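So the structure is just underneath, and the comments pick up after that.
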Amino acid sequence: MTKIKFYRQDEVPYGIFSNFAKGYPIMVDGVEFPTTEHYFQAMKFPDNSEIRERIRTAGWAGHTKEIVREHDDLFHHEWWRENRDSVMMGALWAKFTQHKEAAGLLLATGTAELVEHTDQDRYWADGGDGTGQNMLGRMLMQIREELPKLLAQRGDQRPGFFYEIPLDYELEVWCPECGSRGAFYETYDDDLPG
């Protein structure tokens, strides 16, 4: 199996898979986040709109982590461990359903294994030596698999449909295969097939 490694946002062409990639803002509940990283970090503070807004408006995605560290005393670590995967999946669905170029490149990877390759992270990435969990790569491959089914259900064979994910997203992953209407579509029942 072909393996595609990515990490830095400026790597061509696969830097687009980085959560730091500029030029792919996501719209969530009518609020625009400059990158998926901005959204991901902001959601660490579900009860603090002031910190979320500060993170959302940070000039650079890397700065969002600094803001999180400044407010570690307000960060609910246990809640986050339970919900981080769903938050990330929601951010990725937003990115790859709101940006044709991103979705097109993701689909063009075919059946290749997608690997976030860095020794800086053993959960989201491969740990640099392949022993990490590579959760970001695994989620991207899941979206790649489900995206054509979603497009077919909508009668649209090309990426580029535009959805927003409600900010009060219930942190559940929508499953096209099982037909779950989940939180991902809650406010968009008119767009659902059938």
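The values are calculated or read from the model by the stated rules, or taken from the named source; none is laboratory data. What you are looking at is a predicted structure, and each value in this text was computed from that prediction instead of being measured. Glycine also receives a Cβ, built like all others from the backbone with ideal geometry; neighbour counts cover every protein chain displayed. Just the protein is used for accessible areas: all its heavy atoms, side chains included, with ligands, DNA and RNA removed. Shrake-Rupley method; radii C 1.70, N 1.55, O 1.52, S 1.80 Å.
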In region 1-55, which residue that is open to solvent by 80 Å² or more (accessible area, probe 1.4 Å) and among the hydrophobic types (A, V, I, L, M, F, W, C) is nearest to residue 68 (Cα to Cα)?
12
Residue satisfying condition, being at positive phi and either in a helix (DSSP H, G or I) or within 17 Å of the chain's Cα centre (by Cα) (or both), within set 15, 62, 23
23
Which count do you get for residues in region 28-59 that are outside any loop (DSSP other than H, G, I, E, B), under 12 Å from the mean Cα position of the chain (by Cα) and at pLDDT 95 or above?
7
For region 110-125, what are the residues that are closer than 19 Å to residue 10 by Cα and in a loop (DSSP other than H, G, I, E, B)?
117, 118, 119, 120, 121, 124, 125
Considering only residues that are polar (S, T, N, Q) and farther than 10 Å from residue 91 by Cα, which ones fall in region 1-38?
2, 9, 18
Restricting to region 138-149, name every residue that is buried (at least 17 other Cβ atoms within 10 Å of the Cβ) and touching a residue at least 40 places away in the same chain (Cβ under 8 Å).
139, 140, 143, 147
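Per-residue answers, yes or no, for (1) under 18 Å from the mean Cα position of the chain (by Cα); (2) at pLDDT 95 or above:
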position: 116; (1), (2): yes, yes
position: 121; (1), (2): yes, yes
position: 128; (1), (2): no, yes
position: 138; (1), (2): yes, yes
position: 144; (1), (2): yes, yes
position: 150; (1), (2): yes, no
position: 159; (1), (2): yes, no
position: 164; (1), (2): yes, no
Given the condition closer than 18 Å to residue 123 by Cβ and among the basic types (Lys, Arg), answer yes or no: does some residue in region 72-85 qualify?
yes
List the pairs whose first member sits in region 105-131 and is farther than 15 Å from residue 17 by Cα, whose second member is outside any loop (DSSP other than H, G, I, E, B) and open to solvent by 40 Å² or more (accessible area, probe 1.4 Å), and whose Cβ atoms are under 9 Å apart, counting only residues at least 6 apart or on separate chains?
111/141; 123/84
Please determine whether any residue of region 87-109 is open to solvent by 50 Å² or more (accessible area, probe 1.4 Å), at pLDDT 50 or above, farther than 19 Å from residue 27 by Cα and not in a loop (DSSP other than H, G, I, E, B).
yes
Please go through (1) crowded, with 19+ Cβ neighbours inside 10 Å; (2) more than 28 Å from residue 107 (Cβ to Cβ); (3) acidic (Asp, Glu) for residue 66 and return the number of the only condition it doesn't satisfy.
(1)
